[in-house]
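Taking it in order: structure first as structure tokens, then the write-up.
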Amino acid sequence: MAKLVKIIEEKGIKDKNVLQAVQSVPRHVFVDTAFENRAYEDSALPIGNGQTISQPYTVAAQTELLEVEKGDKILEIGTGSGYQAAILCQMGADVYSVERHEKLYQNAKETLQKLGYRPHLKLGDGTLGWSAYAPYDGIVVTAGAPVVPEDLKQQLNIGGKLVVPVGDQKSQVMIRITRTGENDFKEERLSHFKFVPLIGEKGWD
Ligand code: SAM
């Protein structure tokens, strides 16, 4: 794990809380046994249903962009393996996470419970957010969207941040939106990434 932390630090991650969380969360528990020996490489790995556990650098970069403080209420769209949710829990956030694949939702639930993390998990279409618990201090989308989902913007607290990769299905630019007022949003366009598609009512078909 220390080697992985060094790799992502060298790639530019500075937030000590993020680095500490990557150091603490055992990534091998979130991947199939066939890939356990590759769990501490900085690469995405298959988790079934044609989906992946994101590259650790990507998880760290998105988490750093959220500027998470202890006690923040964070919504994740795309629970996948549960690794990103575990990183956020480890940082002391109150985590809500939505996944559309039932098998992945069940697996993530079991893994997170086994490790003692207690995020709130939901099976459903995350392109609509999770309005019952809104507003959130941060929302992170871990799949590539065709456009910024409007529902997610509306579920941010004033001062809250939405981190979402937006583009076509081959490449996306990471966008960070900060809600600066009831109807005011600041948008920053950052570097390029490659994610699996965000599929749903306000995403891809
Ligand atoms: N955050 C995950 C992790 O730590 O393992 C990685 C997620 S993977 C790159 C993207 C996930 O988003 C997949 O599990 C996929 O099923 C899910 N997804 C795609 N569209 C979704 C939607 N509309 N609502 C919820 N989850 C969605």
inquiry  = Taking 8 Å as the Cα distance limit and 6 or more residues as the minimum spacing, I'd like the relative contact order of the chain as a percentage.
reply    = 15
query = Whose amide H sits under 5 Å from the amide H of Ala145, counting only residues 5 or more places off or on another chain, with H placed in the peptide plane?
reply = Val166, Gly167, Leu198
remark   = Of all DSSP beta bridges having both residues in the chain, the percent classed as antiparallel (nearest 5) is 45
remark   = Relative contact order as a percentage, region 107-205, C-alpha pairs under 8 Å and 6+ apart, gives 26
inquiry  = Here is the link list: Lys6/Lys103; Lys103/Lys186; Lys14/Lys170; Lys109/Lys170. Which ones come out longer than 31 Å on Cα distance?
reply    = Lys6/Lys103; Lys103/Lys186
message = Only counting other Cβ atoms within 10 Å, I'd like Met174, Met1 sorted with the fewest neighbours first.
response = Met1, Met174
note = Simple spin-label estimate for Lys170/Asp205, 7 Å along Cα→Cβ, in nm, reads 2.0
ask   = According to the Cα gyration tensor, what semi-axes, each the square root of 5 times an eigenvalue, does the equivalent ellipsoid of region 1-48 have, listed from largest to smallest in whole Å?
value = 21, 11, 9
note = Taking a label point 7 Å from the Cα of Ser24 along Cα-to-Cβ, the residues of region 78-113 whose backbone nitrogen sits under 14 Å from it are 85-95
task = Sum -39500 (n - 2.57) across every DSSP H segment of at least 4 residues in the chain, then divide by the residue count to get the 222 nm mean residue ellipticity, nearest 500.
result = -7500 deg cm²/dmol
note = Over all Cα pairs of the chain, the Kirkwood radius sets Rh, and Rg/Rh then becomes 0.93
remark   = Taking alpha-carbon centroids only, region 181-205 lies from region 78-119 a number of Å equal to 21
ask   = How large is ³J(HN,Hα), in whole Hz, for each residue of region 152-161 in order, when computed from phi with the Karplus curve 6.51 cos²θ - 1.76 cosθ + 1.60 and θ = phi - 60°, using x for Gly and Pro?
value = 5, 4, 6, 9, 8, 5, 5, x, x, 10
ask   = Near the amide H of Val140, under 5 Å away, which other amide H atoms are found, from residues 5 or more places off or on another chain, if H is placed in the peptide plane?
value = Leu75, Glu76, Ile77, Val163
key: Asp151/Lys70 FRET efficiency (R0 22 Å; Cβ-Cβ; nearest 0.05)   = 0.25
inquiry  = Testing the spin-label approximation: label points 7 Å from Cα along Cα→Cβ at Glu187 and Tyr133. State their distance in nm.
reply    = 2.8
query = Between Glu10 and Leu115, what FRET efficiency follows from the Cβ-Cβ distance if R0 is 25 Å, with the result rounded to 0.05?
reply = 0.40
query = If Lys and Arg each add +1 and Asp and Glu each add -1, what is the summed charge of the other residues whose beta carbon sits under 9 Å from the beta carbon of Gly124?
reply = 0
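We did not get these values from a lab; they are worked out from the coordinates using the rules stated. Quick caveat, the model's predicted, so the values are computed rather than measured. Please note: Cβ atoms are built from the backbone with ideal geometry, for glycine as well, and neighbour counts cover all protein chains shown.
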